[in-house]
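Right, one structure below, let's go through it.
The values are calculated or read from the model by the stated rules, or taken from the named source; none is laboratory data. Owing to the predicted nature of the structure, the values given are computational and were not obtained by experimental measurement. Here the Cβ positions follow ideal geometry from the backbone for every residue, glycine too, while neighbour counts run over all protein chains shown.
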Amino acid sequence: MPPHTYHAPLPIVTPQTMGRIDAAAIGSGIEGYRLMLIAGSAISACVLEYYSEAVGAIVLCGPGNNGGDGYVAARYLAEAGMPVLLYSSIEPERLKGDAGRARADWSGPVYPLEELDCMPGYVVVDALFGAGLDRPIEGLIEETIAAITASALPVVAADLPSGISGRTGQVQGTALQAEHTVTFAALKPGHLLLPGAGCSGETHLVDIGIPRRVIDEHNEAMWRNDPALWGADLPVTGAAGHKYTRGHLCVFSGSFSHTGAARLAAHSALRSGAGLVTVLSPSSAVAANASHLTAVMLRKVEDQSDLDELLVDQRLGGFVLGPGFGIGEKLRQFALSIVKAGRSCVLDADGISAFSDGPEMLFALCRENPLNTVLTPHDGEFARLFPDLHADAELSKVDRARKAAERANAVILYKGADTVIAGPDGRVVINNNAPPWLATAGSGDCLAGIVGALLVQQMPPFEAAAAAAFLHGEAGKRAGEGLIADDLPDAIPPLTHYQSDNRGRG
Ligand SMILES: NC(=O)C1=CN([C@@H]2O[C@H](COP(=O)(O)OP(=O)(O)OC[C@H]3O[C@@H](n4cnc5c(N)ncnc54)[C@H](OP(=O)(O)O)[C@@H]3O)[C@@H](O)[C@H]2O)[C@@H](O)CC1
Ligand SMILES: Nc1ncnc2c1ncn2[C@@H]1O[C@H](COP(=O)(O)OP(=O)(O)O)[C@@H](O)[C@H]1O
Ligand SMILES: [K+]
């Protein structure tokens, strides 16, 4: 793809903000049509790079500037010698502004969309809708998308696959499935959130001449997860360090038949640099845990008085509570006393579900002890803790995570193939390095352990959660397809791979 790309961390902006960025760039003297020419040339470059053997290109142009990109791409493809068939969803004379100019510069025929023939061997350029899609697709365009989908012709999308909301990643009526999406100036949430991420195929971000300064001025405190965001906050093990300077994490085990989750988290925490990790086990499970643990330590914690005794030791910097623990009053009391004691706390799995019927006390304690707590819900757990946010169809996953973090006064690591991490201060990252085979039992327990390990090593919680999601994804890639959760801890890459200076932080 073209050499014009931005350095990490990559900002993500909603289409609405992208419109403001376009306007600001144009207002500062950059010609709008010039931006469109570069956008169209990047689309044609993508087609030529990946589909040089295609019989020709079918270019579908819509009613706005996305259609304008299509006309420009069509012209460059034709100039490169590729046969082009261009179809328009409106009478071409109705195109205005830059799109009208792009149409005027296209000297080939324009066919009405009704005449589309999905001939084998062609590649489709989708320039129907981009940032301006604002309602469900229906009628002729819906039929067109169905015909292209049925034909299985490869699709290169301009900016966004038509039908995908750039703001939410949701399908508006129907959507095209692209193999490549060429987008401009900044990623949109729809490229990274499901199902948009899946429909986008491989996304190429192209610098069309809008200065990074202009993009940064409009930043929405949202980035694609990248070490440039948190590499400078990773713990550094100095030569004079010892195990206590690397932090001591405690992981609560469940009862006799629910002990594996805690051990996965504990093992992952050690591999993520925690100096010491102790599994806290009820008496019924001490023997089961003892028979499986070596480097990880073990201590009996049966009831609140055992925990209170433990909390006196200030070196125990953080706790992972929830995996395999069981839902009930005991969990709630444990969680509240840890947060109250000002210790770092990762609440995962049952640690989240246990508060379904009344999270207010937890949230209030988190407000009193800010920057201590990370909640790691998957979608079902999120729905239990934040049912109103989950049910609000207007909200994107980013909006939901952001509102939840603000309400809970805690960092929310909202898991899934499109994991979103949000801080109570409004910062958001979307993680996109996780391979699909991470969806395996126990994988989330490992993630909770990584978060806990980074917290006890004094990493700020938003950065710790973002780094943990990234390390978890990398571990999944290193372990490879077919992994089981037992493989993950040993596949966690060394933190030093990602350490950096403060260059990219927003
Ligand atoms: N200089 C720049 O700004 C640059 C912009 N660039 C490009 O511009 C794109 C944004 O352009 P855009 O704002 O014109 O929006 P776009 O996606 O073409 O669609 C808007 C049209 O669609 C219509 N419409 C909406 N939903 C509909 C539906 N369901 N069914 C039917 N119609 C529907 C809506 O109609 P209306 O609501 O007015 O009836 C309107 O006419 C951006 O994605 C990028 O590709 C690049 O060239 C770089 C420089
Ligand atoms: N399709 C997917 N692609 C990539 N990662 C995924 C996918 N589905 C789930 N994950 C990740 O796998 C982990 C599963 O965690 P979780 O749902 O808590 O499972 P468990 O409780 O069995 O450990 C999460 O980190 C989640 O983000
Ligand atoms: K498009």
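Being surrounded by fewer than 21 Cβ atoms within 10 Å (Cβ to Cβ), within 13 Å of ligand 1 (Cβ to nearest atom) and over 28 Å from Ile26 (Cβ atoms) is a condition met by no residue of segment 144-165.
Cβ-Cβ contacts under 8 Å between residues 6 or more apart (or on different chains), taken from a first residue in segment 158-179 that is within 16 Å of ligand 2 (Cβ to nearest atom) to a second residue that is hydrophobic (A, V, I, L, M, F, W, C), are listed as Gly169/Leu192; Gly169/Leu193; Gly169/Leu194; Gly169/Ala197.
Give the residue, chosen from Val286, Val279, that is at negative phi, more than 16 Å from ligand 2 (Cβ to nearest atom) and not in a helix (DSSP H, G or I).
Val279
Taken over segment 420-464, the criterion of being among the hydrophobic types (A, V, I, L, M, F, W, C), within 11 Å of ligand 2 (Cβ to nearest atom) and buried (at least 24 other Cβ atoms within 10 Å of the Cβ) is satisfied by Val420, Ile421, Ala434, Cys446, Leu447, Ala448, Ile450, Val451. Pairs are defined by a Cβ separation below 7 Å, a sequence spacing of at least 6 or placement on different chains, a first member in segment 104-118 that is surrounded by 15 or more Cβ atoms within 10 Å (Cβ to Cβ), and a second member that is assigned to a loop (DSSP other than H, G, I, E, B) and modelled with pLDDT of 95 or more; the pairs so defined are Leu113/Ser89; Cys118/Leu153.
Within segment 166-208, being surrounded by 21 or more Cβ atoms within 10 Å (Cβ to Cβ) and within 10 Å of ligand 1 (Cβ to nearest atom) holds for Gly166, Val182, Thr183, Phe184, Ala185, Lys188, Val206, Ile208. Close Cβ contacts (under 8 Å, 6 or more residues apart or on different chains) running from residues in segment 132-155 that are in the same structural domain as Glu115 (by TED's automatic domain parsing) and under 25 Å from Glu53 (Cα atoms) to residues that are part of a loop (DSSP other than H, G, I, E, B) and polar (S, T, N, Q) comprise Thr144/Ser89; Ile145/Ser162; Ile145/Thr174; Ala146/Thr174; Thr149/Gln177; Val155/Gln177. Of all the residues in segment 24-39, those that are assigned to a helix (DSSP H, G or I), under 17 Å from Gly68 (Cβ atoms) and more than 27 Å from the chain's Cα centre (by Cα) number 9. In the set (1) over 9 Å from the mean Cα position of the chain (by Cα); (2) of a type outside the set (D, E, K, R); (3) surrounded by 24 or more Cβ atoms within 10 Å (Cβ to Cβ), Asn409 fails one condition alone, (3).
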